[in-house]
Amino acid sequence: MSKLVNETKSTKQFLIINGEKVETAKYAALYSPYSQEEIAQIAMANKVQVLQAIAAAYNTRGVMAKMPAYQRAEILEKVVALLIKKADEAAEIITRESAKPIMFAKAEVARTIETYKFSAEEAKRIHGETIPFDAAVGGVGRIGYTLREPIGVIGAITPFNFPMNLVAHKVGPAIAAGNTIVLKPASQTPLSALFIAEIFEEAGLPPGVLNVVTGPGSVVGEAIVEDDRVSMVTFTGSPSVGIGIRNKAGLKKTTLELGSNSALIIDKDIDIDQIIDRCIMGAFSNQGQVCISLQRVYAHEDVYEEFVTKFTEAAKKLKIGDPLDPKTYISALISKGEAERVLGWIEETKSSNATITTGGKLQNGVLEPTIITNADHSLKVSCQEAFAPIVIVNKVHSIEEAIEQVNDSRFGLQAGIYTNNVKNALYASQALHVGGVIINDVPTYRVDQMPYGGVKESGTGREGIKYALEEMTEMKLVVWNQS
Ligand code: NDP
């Protein structure tokens, strides 16, 4: 049986079920990925507690379904106002639990604020359409229209790499649409999710609407996915876990935002000096732990040498170190195990024709930004998702060849092309097999209202508030017989 919590000054973090902080039998220490210091003790939910959270969300779904749009919008607007006030605290939480350099953590908080702003606005724009019934012989004398109704309980499972904004991409539209939520954040980054849940409570969200359950994915995540009271699972994370969820979800709606090895094409007419900063950001921000991180560059032979030289020089200048230092650009990967995995992938390239132009080693436990040229497509750094500060740069002789290389991937999230040739841009926008084509920027470009999602093993369904709202509502048809 779960116990409610009285003490407030504890470093322990609890489950949030039905508006209450709930104790668990087991706690796990949460360590900073950079300093290895203990940051908090996190409640580990058992299956019974996950079922209690689902029950709370299920029993509250009627409250949310009846709440008018203006009230849902007001709660989201209050969350925006509170988060603006607490932005520095929010950024520090992200940095401490994920080692995201503070400059990028601040940028994530700014985007999170926008995501909730868009959610507040979209809450007021949920509508159906009228149907021209008399276009069918059997429709004469009828009028009809569609409504969009909340789907009910949404299970939201989120990754570590944008622990605040990717929670916002699920919680924001879910509440805008009038749903209730059971949120399971990544085990390494529960603090951002718990912080946001407190803000929602302060903003007046009724108890039971947003329940946060921490603990291992294999226990908490699976219990959410398998429960019949959950109508939809929205998941962001790795392809392997996403595919497992899809296989178990049965008839539940599923949105899967998965990984990628995103690519950029650089055409022969590009001024290389103009694009280096964007390529550095695309490849190395958040240590490359971004689902649309720039992992593969295909540069035209006319600009290839210049690009490699200037890109390498710029990467060497990036400051490596403590994520709380405002000048740090690159800090630790999310775990030591991840760093070891990536070093193994770099080692594999050494027995091929590839060249490491910079990086490839750890500096005080932090992987240096790494650039590898002439990498064969069968190498792991090329064909799998690196999720690390690694980028390959290969020479191509034509845009057609570059597109073929980009499409030679299990993934298809976003791709970019720098070109001044409008025919090449148009051709690339049609021929690239991805969810989004970014012309004259890196594939890492994202703002939070745009439709976002992938093809192939990058997933299914779209986020971006308006598009997530479509996934998080059910269409209902109403037909009136006038005779
Ligand atoms: P994981 O797939 O390891 O974990 C994601 C979430 O799933 C975590 O909350 C995890 O919990 C949970 N989980 C683990 N096992 C199960 C299970 N059996 N059933 C249900 N849930 C489970 O991803 P990471 O956190 O490592 O994130 C990195 C991945 O996310 C990359 O592949 C990246 O590309 C992708 N991603 C995609 C984005 C997109 O929008 N397309 C955006 C950001 C990231 P626990 O932490 O407890 O294991």
When the residues of the stretch 377-398 are narrowed to those that are part of a loop (DSSP other than H, G, I, E, B) and among the polar types (S, T, N, Q), which ends up surrounded by the most Cβ atoms within 10 Å (Cβ to Cβ)?
384
From the list 339, 402, which one is within 22 Å of residue 268 (Cα to Cα) and surrounded by 15 or more Cβ atoms within 10 Å (Cβ to Cβ)?
402
Extreme residue, surrounded by the most Cβ atoms within 10 Å (Cβ to Cβ), among residues of the stretch 91-108 that are farther than 17 Å from residue 159 by Cβ and either among the aliphatic types (A, V, I, L, M) or at pLDDT below 95 (or both)
91
Is it true that some residue in the stretch 324-339 is part of a helix (DSSP H, G or I), within 17 Å of residue 393 (Cα to Cα) and in the same structural domain as residue 380 (by TED's automatic domain parsing)?
no
Would you please name the residue that is farthest from the ligand (Cβ to nearest atom), looking only at residues in the stretch 342-353 that are surrounded by fewer than 13 Cβ atoms within 10 Å (Cβ to Cβ) and assigned to a loop (DSSP other than H, G, I, E, B)?
353
Being of a type outside the set (S, T, N, Q) and more than 23 Å from residue 471 (Cβ to Cβ) narrows it down to one of 221, 215, 208, so name that one.
215
Go through the stretch 255-271 and count every residue that is closer than 15 Å to residue 402 by Cβ and away from the ligand (no atom under 14 Å from the Cβ).
8
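For residues that are in a strand (DSSP E or B) and free of Cβ contacts under 8 Å to residues at least 40 places away in the same chain, tally how many sit in the stretch 180-192.
Of all residues in the stretch 180-192, those in a strand (DSSP E or B) come to 180-184.
Filter once more, so that each one left must be free of Cβ contacts under 8 Å to residues at least 40 places away in the same chain: 183.
Residues in the stretch 180-192 being in a strand (DSSP E or B) and free of Cβ contacts under 8 Å to residues at least 40 places away in the same chain: 1 in total.
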Cβ pairs under 6 Å, 6+ apart or interchain, first in the stretch 222-237 and free of Cβ contacts under 8 Å to residues at least 60 places away in the same chain, second within 12 Å of the ligand (Cβ to nearest atom) and small (Gly, Ala, Ser), ordered by first then second residue, are none
Filtered residues of the stretch 297-319 (kept if crowded, with 22+ Cβ neighbours inside 10 Å and either among the acidic types (Asp, Glu) or touching an Asp or Glu at 6+ places or on another chain (Cβ under 7 Å) (or both)):
300
The stretch 68-171: helices (runs of 4 or more DSSP H) wholly inside it with 2 or more residues that are within 16 Å of the ligand (Cβ to nearest atom) and either closer than 30 Å to residue 321 by Cα or not assigned by TED's automatic domain parsing to the domain that holds residue 52 (or both) are 87-98, 102-122
Qualifying positions in the stretch 193-239 - of a type in the set (Gly, Ala, Ser), more than 12 Å from the ligand (Cβ to nearest atom) and in a helix (DSSP H, G or I):
197
Evaluate the stretch 312-321: report whether one residue or more is under 26 Å from residue 408 (Cβ atoms), outside the structural domain of residue 187 (by TED's automatic domain parsing), in a loop (DSSP other than H, G, I, E, B) and in contact with a helix residue (DSSP H, G or I) (Cβ under 9 Å, 6 or more places away or on another chain).
no
Looking only at the stretch 233-244, and only at residues there that are surrounded by fewer than 23 Cβ atoms within 10 Å (Cβ to Cβ) and not polar (S, T, N, Q), the one that is farthest from residue 60 (Cα to Cα):
239
Condition met for residue 180 (hydroxyl-bearing (Ser, Thr, Tyr), within 15 Å of residue 17 (Cβ to Cβ), more than 9 Å from the ligand (Cβ to nearest atom) and modelled with pLDDT of 95 or more)
yes
Selection within the stretch 246-280 - in a helix (DSSP H, G or I) and surrounded by fewer than 23 Cβ atoms within 10 Å (Cβ to Cβ)
246, 247, 248, 272, 273, 274, 276, 277, 278, 280
Determine which member of the set 402, 375 is closer than 30 Å to residue 335 by Cβ and among the hydrophobic types (A, V, I, L, M, F, W, C).
375
May I ask you to say which residue of 295, 287, 274 is among the polar types (S, T, N, Q), more than 14 Å from the ligand (Cβ to nearest atom) and either closer than 30 Å to residue 451 by Cβ or not assigned by TED's automatic domain parsing to the domain that holds residue 376 (or both)?
274
Out of 27, 58, I need the residue that is over 16 Å from residue 209 (Cβ atoms), surrounded by 15 or more Cβ atoms within 10 Å (Cβ to Cβ) and of a type in the set (Ser, Thr, Tyr). Which one?
27
So which residues in the stretch 360-376 are of a type in the set (Ser, Thr, Tyr) and either in a loop (DSSP other than H, G, I, E, B) or surrounded by 24 or more Cβ atoms within 10 Å (Cβ to Cβ) (or both)?
370
Looking at the structure I just gave you, is residue 210 buried (at least 23 other Cβ atoms within 10 Å of the Cβ) and closer than 20 Å to residue 409 by Cα?
no
When you scan the stretch 272-280, do you find a residue that is in contact with a helix residue (DSSP H, G or I) (Cβ under 7 Å, 6 or more places away or on another chain) and closer than 16 Å to residue 368 by Cβ, even just one?
yes
Per the filter on the stretch 444-467, residues assigned to a strand (DSSP E or B), within 11 Å of the ligand (Cβ to nearest atom) and either hydrophobic (A, V, I, L, M, F, W, C) or more than 22 Å from residue 384 (Cα to Cα) (or both) are 463
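The values are calculated or read from the model by the stated rules, or taken from the named source; none is laboratory data. Remember, it's a predicted structure, so these values are computed and weren't measured experimentally. All Cβ positions, even for glycine, are placed from backbone atoms using ideal geometry, and neighbour counts span all protein chains on display.
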